[in-house]
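Structure record follows, encoded as structure tokens.
Nothing in this text is a laboratory measurement; each read-out follows from the coordinates by a stated rule. Note that the structure is a prediction, hence the values are computed from the model and not measured. Please note: Cβ atoms are built from the backbone with ideal geometry, for glycine as well, and neighbour counts cover all protein chains shown.
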Amino acid sequence: MPATLTLAEEILELKRLRRAVILAHHYQSSEIQELADAVGDSLELARAARNFDGDVIAFCGVWFMAETAKVLNPTRTVVVPDRDAGCSLVDSCTADQLRAWRRAHPDYAVVSYINTSVEVKAESDILCTSRNAVAIVNSIPASQPVLFLPDINLGNYVKSQTGRQNMRIWQGACIVHATFPARRLTAARLAHPEALVAAHPECPSDVLRMADFIGSTSAIIDWCVSNSAPEFIVMTESGVSHSLQKLAPHKRFHFVANENCNCSECPHMRRNTLEKLRDSLDRLEPRVELAPDLIARAALPIERMLAVK
């Protein structure tokens, strides 16, 4: 490849040669989002992954998202920039743990958040994202007991919205959202008294109680852009600022630091870089490889999720 090409031009040329599509989560760096064919939250990217023409999916997010793309596109090559881009929620629930729980509670329907490994997905009855979790749980007969996993904060929010009492919740948490302290949101509201608060449902309940709007990453962006207010405090990963500034440059957006890194960035999402994206398209590595039987078992709960409006 000519040395005169910029890094971005190298990526676009490799994309053309590989007949690839670049999918990027809202939590990726601005540089990656600018090169992506689609930017979205987990549900949007799950749909986008199966609705394109090409041979290669370069998934700029975390590993479980690329696994989902592979399940939906078993004949396509799926690569990620960094294999170590993981997720604390995935780590909080293993397939062996879920199988043991199901043996002890065979009457429960298992609703798994998309932030799980493909092996956990294969053991689940249906999946959900933060955007459709309430609708998914409401789609299950009221008499059917439900296990919701793995995010405790999202589970508690869904339980409060559905009023479902026969629902048990796993004890996992997001290392970004779960560590947003209510005291820092209180301080932000004092500093910006005219600002409205938008929060992701993975945040703790005391944060959610102060929110003017609760929704998925893309829902937060849509609400902030469409709302007439000029100023917002946004309680989610700060990568969403890229879309917010592009879509509403005249508005102001404030982000609150969490306790883990005194920032609002996901360390796993930020492992991906332009250099790693270029190398993944060049070498077609790291590549997601899944056994056909695992793909078949995981596809069923994913398709059930996608069928719920």
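Give me VAL146, VAL56 sorted ascending by neighbouring Cβ count inside 10 Å, so fewest comes first.
On the way: VAL146 25, VAL56 21.
So the residues, fewest neighbours to most, are VAL56, VAL146.
Give, in nm to one decimal, the length gained when the segment between ARG83 and ASP107 is fully stretched (0.36 nm per residue of separation minus the Cα-Cα distance). The partial results should precede the final answer.
Details: separation 24, 0.36 × 24 = 8.64 nm, distance 3.63 nm.
Separation in residues times 0.36 nm, less the Cα-Cα distance, equals 5.0 nm.
Most mobile of SER29, SER139, SER130 per a Gaussian network model of the chain (Cα springs, under 10 Å)?
It is SER139.
Pairwise over distinct Cα atoms, reciprocal of the mean inverse distance: report the Kirkwood radius of the chain in Å, one decimal place.
Values: mean 1/r = 0.0501 Å⁻¹.
Taking every pair of different Cα atoms in the chain, averaging 1/r and inverting gives 20.0 Å.
Mean Kyte-Doolittle of at least 0.5 plus a Cα span of 18 Å or more along the axis: flag which DSSP H helices in the chain meet both, please.
292-307
Starting with the fewest neighbours, write out CYS263, CYS203 ranked by other beta-carbon atoms found within 10 Å of each beta-carbon. Working shown, then result.
On the way: CYS263 15, CYS203 28.
Going from sparsest to densest Cβ surroundings: CYS263, CYS203.
Determine one quarter of the surface area of the Cα convex hull of the range 65-110, which equals its mean projected area, and express it in nm² to one decimal.
Numbers: hull surface 18.2 nm².
Taking a quarter of the hull surface, the average projection is 4.5 nm².
Under the Kirkwood approximation for Rh and a Cα-based Rg, what ratio Rg/Rh is obtained for the range 177-255?
Working: Rg = 11.3 Å, Rh = 12.3 Å.
Ratio of gyration radius to Kirkwood radius for the range 177-255: 0.92.
Pop a pseudo-label 7 angstrom from the Cα along the beta-carbon direction at both LEU7 and ASP55 and give the gap in nm to one decimal.
Between LEU7 and ASP55, the simple spin-label model gives 2.7 nm.
For the range 89-173, place one equal point scatterer on every Cα, skip the solvent, and apply the Debye formula. What is log10 of I(q)/I(0) at q = 0.26 Å⁻¹?
After summing over all Cα pairs, the log10 values are -1.44.
Would you calculate the volume per residue, in Å³, of the smallest convex hull containing every Cα atom of the range 214-309?
Dividing the Cα hull volume of the range 214-309 by its residues yields 174 Å³.
Once you put a point 7 Å from the Cα of LEU190 and another 7 Å from the Cα of ARG168, both along the Cβ direction, what distance in nm separates them?
Placing both labels 7 Å along Cα→Cβ, they lie 4.2 nm apart.
Between LEU247 and ALA229, what is the label-to-label distance in nm when each label sits 7 Å out along the Cα-to-Cβ direction?
Placing both labels 7 Å beyond Cα along the Cβ direction yields 1.6 nm.
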